[in-house]
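Comments concern the structure below.
The values are calculated or read from the model by the stated rules, or taken from the named source; none is laboratory data. Computed from a predicted structure; not experimentally measured. Reconstructed Cβ throughout: ideal geometry from the backbone, glycine too, with neighbour counts over all protein chains shown. Accessible surface areas use protein heavy atoms only, side chains included; no ligands, DNA or RNA. Shrake-Rupley method; radii C 1.70, N 1.55, O 1.52, S 1.80 Å.
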Amino acid sequence: VEVDPAIDEVIPVVDEQSKPKVYPEVPPEVEYLIVGGGTAAYSAVRAIRKYDPTAKILIVSDEAEMPYNRTPLSKELWFESEENAAVGKYKGWDDKERVIFHEKLENYCTGRELQEREGYGGTALLLGAKVDRLDADNKKAILYNGTEIGYGKVLLSIGGKPRNLPEFESVKDKVTLFRDLKDFRQLSEISQNGGNVVVVGSGFLGTELSYALADRAKKVENLKVSQICREQGVLGAVLPEHLSNYSSEVLEKEGVNIVRDAEISSVSQESGNISINLKDGRSVPADHVVVAVGVDIDHGLAERSGLEVDSRRGGFIVNSELESRKDIFVAGDAANFYDQRLGRRRVEHYDHAIVTGRLAGENMVGKRKAYTHQSMFWSDIGPDNGFEAIGLVDSKLKSVSVFAQPEAQNTEGDNFESRKFDKGVVFYLRNEKVVGVITWNIFGKMGVARRLLAHQSAEELNYAEMARLFNVHK
Ligand code: FAD
Ligand code: NAD
């Protein structure tokens, strides 16, 4: 473990959990530079090393952790023992023990080792270091502390940063903007103290965290959970109304106070008690707030580097090969790319980070491949309800749902069981063509959905037949 004197104190590696410290010496120049150390970075490194086994790669990340998978931070880690959660261990859907880190620490080398190796390469990590801008003409990345690193090819895999709402600025010491492992640790600890925890936002993060916190409330006596939804229910911007309503009821059954159709007007604080005031006069008390209202892509980095962004959808504009300018690639959440089937898009999901990270890596070693493989995503509302999805899934699009009759004993009357949505599929349409599919409590069918998106034509819109492809009635 070496400490490079070139890295000043602004770049300490935080070592909350006694993990080994990584202080690689910064190489002045690398063949492959990866900015951001998340999932897209990991996937790109794998692809580069596959086609160029002697590649020398440097990952620069402003986080204190080596690349890891964020998806369990709002789900599985919450249901683990404290000891397991602290080191990122969790059980996957197949009951197998997993760890969030994409690679073991020993698979990385130090910056000095990277420079000294002859005839073979490796991947070095520079953690706690932030890239300020790229100098595209001179092929250099400039860090916040002024360090310059020359590159042959560079990947920007910088993800997104959680957005805040201006109303919460005045109470920011009681607000969590949730994105990384340290946020998980902080919120997990805060929730042990009980009180009113209010989740603002009805998207993926807010909904998954509400369930996780409600589960925690079964063990922490005075913990109460509310979720403020701008839409008519949770995931209202994604799911059709019937599924959003159903998912909201699932959360209510877990004890979450779902606040529907809520527009925040102001936030006040008196003797430490926060009140979130809504435009219609309602008010929600809070001891702690989790603001989960989406992410922003760092356009500052783009502006300082002279790279083009899409101000409407956000992100760095790249072509189908994920290239922004010659030798500058972008992948994951930050990429605003051209999908030959569905048009210009930006996607903020795990599999997309894997797919685009891999594609960028392949193109960085000269493959010249276009984005054609549709990525999928998934979400869970507790252990009994989950879905997988592909393409454009937006509640503003027309959609058709095909669901199996519930197996409930009593399907009469207006009780929760009788309205249960057990297994089904939702087709999202644009110009009478399927552009997105959700399979609800049906797993492993994304290959079928992918083929449907690629080949289906307007004349073939027979929903019952299409639903049969997904075994909805089995
Ligand atoms: P990230 O994984 O965010 O990595 C970007 C990295 O770059 C970060 O470490 C960041 O700190 C670093 N960075 C940023 N700027 C700089 C800079 N200037 N210099 C150096 N480093 C920088 N998706 C699903 O499909 N299913 C799920 O169940 C799911 N669950 C999720 C749960 C949570 C709690 C979160 C936060 C996300 C979840 N997602 C899920 C989304 C998925 O994790 C993201 O889409 C994915 O992480 C994006 O990968 P990325 O590499 O683009 O960005
Ligand atoms: P999101 O984009 O999924 O949802 C944002 C939510 O914020 C929307 O429901 C919207 O209604 C709400 N919102 C926006 N402005 C608001 C306002 N002024 N007042 C009230 N509500 C407002 O983002 P997220 O849920 O914050 O998730 C953060 C990131 O993490 C996203 O990139 C998301 O895709 C990712 N994530 C994904 C998963 C998954 O795929 N299963 C799980 C967790 C997180």
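Data overview
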quantity: Heavy-atom accessible surface of the stretch 92-132: percent carbon and sulfur, 1.4 Å; calculated: 44
quantity: Share of pairwise Cα separations in the stretch 178-241, more than 18 Å, in percent; calculated: 36
quantity: Carbon + sulfur, % of accessible area of the stretch 185-326 - ligands and nucleic acids excluded, 1.4 Å; calculated: 43
quantity: Extension gain, Arg98 back to Tyr120 (0.36 nm per residue minus Cα-Cα distance, nm); calculated: 4.9 nm
quantity: Ratio of the Cα radius of gyration of the stretch 304-416 to 2.2 N^0.38 Å, where N counts its residues; calculated: 1.43
quantity: Helix axis angle, 350-364 relative to the chain longest principal axis, alpha carbon, degrees; calculated: 30
quantity: Whole-angstrom Cα spans of the stretch 244-284 along principal axes, big to small; calculated: 35, 20, 11
quantity: Segment Lys326-Gln405, length gained on full extension (0.36 nm per residue, minus Cα span); calculated: 23.0 nm
quantity: Sorted largest first, extent of the stretch 246-364 alpha carbons per principal axis (Å); calculated: 55, 35, 22
quantity: When the convex hull of its Cα atoms is projected in every direction, mean area for the chain (nm²); calculated: 24.3
quantity: Lysines with Cα under 20 Å of Lys326, excluding same-chain neighbours fewer than 8 positions away; calculated: Lys56, Lys139, Lys140, Lys153, Lys367, Lys369
quantity: Which of Trp78, Trp378 is most accessible, then next, and so on - probe 1.4 Å; calculated: Trp378, Trp78
quantity: Angle in degrees between helix 181-192 and the longest Cα principal axis of the chain, rounded to the nearest 10; calculated: 40
quantity: Using alpha-carbon coordinates, inclination of helix 39-51 to the longest axis of the chain, degrees; calculated: 50
quantity: Ellipticity estimate at 222 nm from DSSP helix runs (n ≥ 4, -39,500 (n - 2.57)) divided over the chain, nearest 500; calculated: -6500 deg cm²/dmol
quantity: Spin-label model distance (nm) - Glu252 vs Arg112, 7 Å beyond Cα toward Cβ; calculated: 6.3
quantity: Accessible surface, 1.4 Å probe, highest first, among residues Phe443, Phe184; calculated: Phe443, Phe184
quantity: FRET efficiency, 1/(1 + (r/R0)^6) with R0 35 Å, evaluated for Asp310 and Glu432 via beta carbons; calculated: 0.85
